[in-house]
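To keep things clear, I will list the structure first and then write my remarks on it.
Please treat every number below as a calculation from the coordinates, not as lab data. Worth saying up front: this structure is predicted, and the values here are computed from it rather than measured. Because the Cβ atoms are built from the backbone with ideal geometry, glycine has one as well, and the counts that use them run over all protein chains shown.
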Ligand code: ADP
Ligand code: MG
């Protein structure tokens, strides 16, 4: 696994009417890793996420993806380059079946970002490719059910499948385990691990035991600034990190 930087924030800042939500954040996400962004409520995690995916425009700073400055780009164009945020660009249609949802996602005209399975991207290959993705997220028994019929955890799995259909190089997951019960948490954590085998993952997640288990690198934010960074055993021993968590 190469350890070069695929996504980078340089001096990223965001002010909302004078309130500094994100301050001079320098973040480096290495290719092929699972990188978690954690921190107490209001730390600026969602704002950083929205900045990286271009749903928000930074007040200052730059976002560099694969060596290219994407600060001025639109979210859809960023997605075209392979930087895709789950649950946002990949909408799930409740009245379509699981299979139809994934097929629709596969048919999105995302042009060059389909390099990964271009040879199979004919109409004939579409159903097979959709079933492969459905299998990958353990939804095969649900393939012909409508999305609306899925239990909550399975719906999130479908969202991951429709995101994977866009063939992202970097997948951003915003609280992928939120609202899940124990079984779905385990299933989704295992899915994230599998997905990370050939992609980079940046996630915001509150479930620290899963973060500890999955992440190569953890960045801790507090009041818009990076408080600590590193593997879990390093970050979790940092007294300032403990204090930040106890303090809220
Ligand atoms: P987190 O996701 O870590 O809980 P957020 O990024 O959502 O934190 O928010 C960081 C801070 O910025 C909070 O104090 C929040 O109230 C503020 N904030 C976020 N979005 C806006 C906005 N659109 N307008 C004003 N303040 C905002
Ligand atoms: Mg948030």
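Odds and ends about this structure:
- Nitroxide proxy distance, nm - points 7 Å out along Cα→Cβ at residue 4 and residue 126: 3.5
- Most mobile of 176, 141, 168 in a GNM of the chain (Cα contacts under 10 Å): 141
- Once the Cα-Cα distance is subtracted from the 0.36 nm per residue extended length, the residue 140 to residue 213 segment shows a gain of 23.6 nm.
- Residues listed by number, segment 161-190, amide nitrogen under 15 Å from residue 152 label point at 7 Å toward C-beta: 175-188
- Between segment 189-248 and segment 5-55, the alpha-carbon centres lie 13 Å apart.
- The smallest convex shape that holds all Cα atoms of the chain, its convex hull, gives 128 Å³ per residue.
- Per-residue Cβ neighbour counts within 10 Å put 95, 35, 213 in the sequence 95, 213, 35, beginning with the fewest.
- Using the alpha-carbon positions of segment 129-238, Rg (one decimal) and Dmax (whole number) come out as 15.2, 48 Å.
- Here the calculated FRET efficiency for residue 68 and residue 206, from their Cβ-Cβ distance with R0 = 25 Å, stands at 0.20, rounded to the nearest 0.05.
- Summarising the label geometry, the points placed 7 Å from Cα in the beta-carbon direction at residue 24 and residue 60 lie 0.8 nm from one another.
- When its C-alpha radius of gyration is set against 2.2 N^0.38 Å (N residues), segment 46-97 gives a value of 1.28.
- Note on the chain: helix-only mean residue ellipticity at 222 nm, from DSSP H runs of 4+ residues weighted -39500 (n - 2.57) and normalised by residue number, equals -9500 deg cm²/dmol.
- Compared with the dominant principal axis of the Cα atoms in the chain, helix 182-195 is inclined by about 90°.
- Burial ranking of peptide ranges 36-49, 9-22 (average Cβ count within 10 Å, highest at the top): 36-49, 9-22
- Averaging the sequence gap over all C-alpha pairs within less than 8 Å and six or more residues apart, then dividing by the number of residues, gives the chain a relative contact order of 27 percent.
- With Cα atoms, 0 to 90° folded angle of helix 123-136 axis to the chain main axis: 50
- Comparing 231, 94, 151 in a Gaussian network model of the chain, where Cα atoms under 10 Å apart are tied by springs, the biggest mean-square fluctuation is seen for 151.
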